[in-house]
Amino acid sequence: MRAYLQSLLAESGTLTTQDIVLHILASAVLSGAIYLSYWFTHRGTAYSKKFNVSLVTLTVLTGTVMTVIGNNIALSLGMVGALSIVRFRTAIKDSRDTTYIFWAIIVGICCGVGDYLVASVGTAVVFLLLLLLGTVRNENRILLIVRGGKAKAMDMEGLVFQHFHNKALLRVKNTTPEAVELIYEMPRRVYQLNYKQEKDIAEKLYELGGVEYVNVVTQSDEITG
């Protein structure tokens, strides 16, 4: 038993130079699909080319590490121990970026062990899914914030509901002895009705008199930090 464990720990990869080159080149080629997918499907406010390039290098580096480890248990345990002390503090602002990081790592692992079929099929399927789902429009919500005299509260509420055909949902109503603040939430398509009328909602509200301000804010599901 001891002899078996010693031989297992001493076992090293028997990869040829051609195998090593194929592993790394395959990870580099498939990382190009990850790069194109992130580029085509990105819908955030700011596209980060540095992050996209990092995905490519992460795939190649993972493939390289897996090629080095091979079937050597001693190297694999040492690599796990080395990586366990590394702490990454990079903030992920978009939850979808985490998917791309895992995608890059998994492709690198598959290429590093020489399983090109799994890496290729998985990459193709994920690429198509992200491409199709990336075309789905994000239905951003619109917040309408109105502040005015408390005596005009009923008039403001009635005007907003009439203007948006009762499709504007009153979320918050803040009051003081002299003023009232109303916050309405509605889908973007509902707010677009505003442009089909002769006067927009702001003009109508100011014509009531006693309105201090009218703010329109776009609210999305993107995570920022």
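Restricting Leu75, Leu131 to those that are closer than 21 Å to Ala28 by Cα and either outside any helix (DSSP H, G or I) or modelled with pLDDT under 85 (or both) reduces the list to Leu131. Taking residues in the stretch 196-207 that are assigned by TED's automatic domain parsing to the domain that holds Tyr184, and partners anywhere that are part of a helix (DSSP H, G or I), the pairs with Cβ atoms closer than 6 Å and at least 6 places apart or on different chains are Asp200/Asn194; Ile201/His163; Ile201/Asn194; Lys204/Leu159.
Name the single residue that is nearest to the chain's Cα centre (by Cα) among those in the stretch 30-47 being surrounded by 17 or more Cβ atoms within 10 Å (Cβ to Cβ) and either among the small types (Gly, Ala, Ser) or at pLDDT 90 or above (or both). The residue in question is Ser37. Of all the residues that make up the stretch 150-207, how many are among the basic types (Lys, Arg) and under 33 Å from the mean Cα position of the chain (by Cα)? Residues in the stretch 150-207 being among the basic types (Lys, Arg) and under 33 Å from the mean Cα position of the chain (by Cα): 5 in total.
Determine whether Thr123 is in a helix (DSSP H, G or I) and surrounded by fewer than 16 Cβ atoms within 10 Å (Cβ to Cβ). So Thr123 fails the test. Looking across the stretch 93-123, the residues that are farther than 14 Å from Thr67 by Cα and either touching a residue at least 40 places away in the same chain (Cβ under 8 Å) or not assigned by TED's automatic domain parsing to the domain that holds Ile20 (or both) come down to Lys93, Asp94, Ser95, Asp97, Tyr100, Ile101, Trp103, Ala104, Ala119, Ser120, Thr123.
The values are calculated or read from the model by the stated rules, or taken from the named source; none is laboratory data. All of these numbers come straight from a predicted model, not from anything done at the bench. Cβ atoms come from the backbone with ideal geometry, glycine included; neighbour counts cover every protein chain shown.
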